[in-house]
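Data first, discussion second: the structure below is written as structure tokens.
The values are calculated or read from the model by the stated rules, or taken from the named source; none is laboratory data. Quantities reported herein were computed from a predicted structural model and do not represent experimental measurements. So basically every Cβ, Gly included, is an ideal-geometry build from the backbone, and we count neighbours across all protein chains shown.
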Amino acid sequence: MILTERYFSGCLHRLRRSGVMRRFHLFLALGLVAGLMQAQDWSRFRGPNGTGIAQDSGYPVVFGRGRNQLWRTPVRPGKSSPVLSDSHVFLTAAEEGRLYTQCFDRDTGQLVWERSIAQPRQELANKLNHEAAITPVTDGQAVYAFFKDFGLVAYSSEGAQLWESPLGPFTNLMGVGASPILVEDDVVVVVDQFTGSFVAAFARQTGEMRWKADRVEGESWSTPVLHEGRIATSGHGQFGLHDAVTGRRVGTHMPLAPASVASPALSADILYTFGYGLGNSGDSASASLKALERRDRDGDGRLTPDEYGDKPIENYLARNVGNRDGVVTADEYEVFMKSAQGINALVALRITQDGAEELWRQEGNFNFVIPSPLAYEDVIYVVRNGGILTTYDAASGAELKVARLTGALGGYSASPVAAEGRIWFGSEEGNVAVVRAGRDWEVAQVNELGEGIFATPALSGGVIYLRTEDALYALRNTE
């Protein structure tokens, strides 16, 4: 046989179609990521594989408007977090019926370009879940944005629209919220909703759907991480593993909390995740009846649109539960109550070949905690509203310390980030507490920006890229 270039090309094509070549590239890519993690690899939500940790140094402890400020640039409304390429900072925004993707120069903060698409719908969502709350992802050559009111759209680093893939509408009471991630040649999205949950992969170059796998999880908002060629998810009541090449479900672990808002933190093989539920009282029928009676003005045992108005839970039930006739009954309330029952717990799982092994759990007050946990130097950090910071021993789950971030109280939506033994916590009131990490952590500095913070900062090369309600900051030591 004469081995020609055409012969080799045919073999490679067959390998690609079989998934063998893609799997080989995937493991090679993941191995390189694990071995060559760079500080500038803040290309997705919470940086390198969602850890929230930068490996370099030089980040400012003291900063503010005009102090240790490299630049400040006004931005359109949005709550997505900044992601970085070598030269650019990317954000999404929404304004006046348009969904924006913005690109800024990393050195100067100058707006390089912005592109927008029409917002075709406005889905039900919690007020904290802005039209542009989902963080984009970049491979340095392009940026991929996901909007709950549209779907996926991709732009080149020069601002040319490469493709779009409309998705939805979605059946999620608070609005879908998981950010896209990159897996080899694909953009992967997890959509957990009341009905029809799925995980899907789209080709980076074309937007073509490579695969789509159904999920049994209900509503969740957690962004996945990667572990040894698999997509690890923390969802409604359970942990899930999907093969990253085919999407096939390869592992499950139960039970977790029903409301998984925070994204998991992965350290080596250990995944830390928490969520909350309404407990396990089992008395969902009477609770449902009481909920209905609060709004039932005419006492007919059901709620009509003029009675529930713009209330999100009732609108959601009227559209998605029971006969979907726009009227809410006690039975339909009970469906929601049952789905929300479950534990409040922080859980540590060792990821295995076919699922996960539970190492420990801490059941406690995790109600309505939005920021993701941070696993840093053998300690787990969880911040909740009021500026209450609780730490746990990563190995045993033992509670180490509970105290307030004095000077930075209030609400918390942004997830903490860490580098060189310090952790940055940004509050909804616009204060940033800098904490010396450790089992007996302490607040080293509180910086007041006076602009609400809902987005998670990005760390790279000694610079903190921080989005507020009004602006995008680049903060570094200049004094």
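Do you know which residues across region 340-385 are part of a loop (DSSP other than H, G, I, E, B) and touching a Ser or Thr at 6+ places or on another chain (Cβ under 7 Å)?
Across region 340-385, the qualifying residues are Q341, I370, P371, S372.
Go through (1) surrounded by fewer than 20 Cβ atoms within 10 Å (Cβ to Cβ); (2) aliphatic (A, V, I, L, M); (3) closer than 30 Å to R249 by Cα and name the single condition I313 misses.
It is condition (3) that I313 fails.
Kindly evaluate S156 against the criterion of being of a type in the set (S, T, N, Q) and surrounded by fewer than 16 Cβ atoms within 10 Å (Cβ to Cβ). Full working, then the answer.
Working: of a type in the set (S, T, N, Q): yes; surrounded by fewer than 16 Cβ atoms within 10 Å (Cβ to Cβ): yes.
Yes, satisfied.
If A348 passes every condition in (1) within 20 Å of the chain's Cα centre (by Cα); (2) loosely packed, with under 14 Cβ neighbours inside 10 Å; (3) farther than 30 Å from G78 by Cα but one, which one does it miss?
For A348, the exception is condition (2).
Right, P180: under 15 Å from the mean Cα position of the chain (by Cα) and closer than 25 Å to W211 by Cβ or not?
In short, yes.
Looking only at region 62-101, which residues are surrounded by fewer than 15 Cβ atoms within 10 Å (Cβ to Cβ), in contact (Cβ under 8 Å) with a residue 60 or more places away in the chain and in a loop (DSSP other than H, G, I, E, B)?
Of the residues in region 62-101, the ones surrounded by fewer than 15 Cβ atoms within 10 Å (Cβ to Cβ) are 62, 65-67, 74, 77, 86-87, 95-97.
Next, from what is left, pick out any that are in contact (Cβ under 8 Å) with a residue 60 or more places away in the chain: 62, 65, 67, 74, 77, 87.
Residues satisfying the conditions are V62, R65, P77, S87.
Residue by residue, here is whether (1) in a strand (DSSP E or B); (2) polar (S, T, N, Q); (3) out of contact with any strand residue (DSSP E or B) (no Cβ under 9 Å at 6 or more places or on another chain); (4) under 20 Å from A455 (Cβ atoms) holds:
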site	(1), (2), (3), (4)
Y155	yes, no, no, yes
G175	no, no, yes, yes
A178	no, no, no, yes
F194	no, no, yes, no
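Looking at S80, S85, which one is of a type in the set (S, T, N, Q) and touching a Gly at 6+ places or on another chain (Cβ under 8 Å)?
When all the criteria are applied, what remains is S85.
Please identify the pairs in which a residue from region 332-349 that is closer than 17 Å to V261 by Cα and outside the structural domain of K290 (by TED's automatic domain parsing) has its Cβ atom under 8 Å from the Cβ atom of a residue that is of a type in the set (F, W, Y) and in a helix (DSSP H, G or I), counting only partners at least 6 apart or on another chain.
Hits for this filter: zero, empty list.
Restricted to region 208-220, and to residues that are small (G, A, S) and part of a loop (DSSP other than H, G, I, E, B), which residue is surrounded by the most Cβ atoms within 10 Å (Cβ to Cβ)? Quick ask: steps written out before the conclusion?
The first filter runs over region 208-220 and keeps only residues small (G, A, S), leaving 213, 218, 220.
Adding the requirement that they be part of a loop (DSSP other than H, G, I, E, B) leaves 218, 220.
Details: G218: 22, S220: 31.
The residue in question is S220.
Among the residues of region 173-189, is there at least one that is farther than 18 Å from S263 by Cβ and of a type in the set (A, V, I, L, M)? Steps first, please.
Start the filter on region 173-189 by keeping residues that are farther than 18 Å from S263 by Cβ, which leaves 173, 184-186.
Those left that are additionally of a type in the set (A, V, I, L, M): 173.
Within region 173-189 (the criterion being farther than 18 Å from S263 by Cβ and of a type in the set (A, V, I, L, M)), the answer is yes, since at least one residue qualifies.
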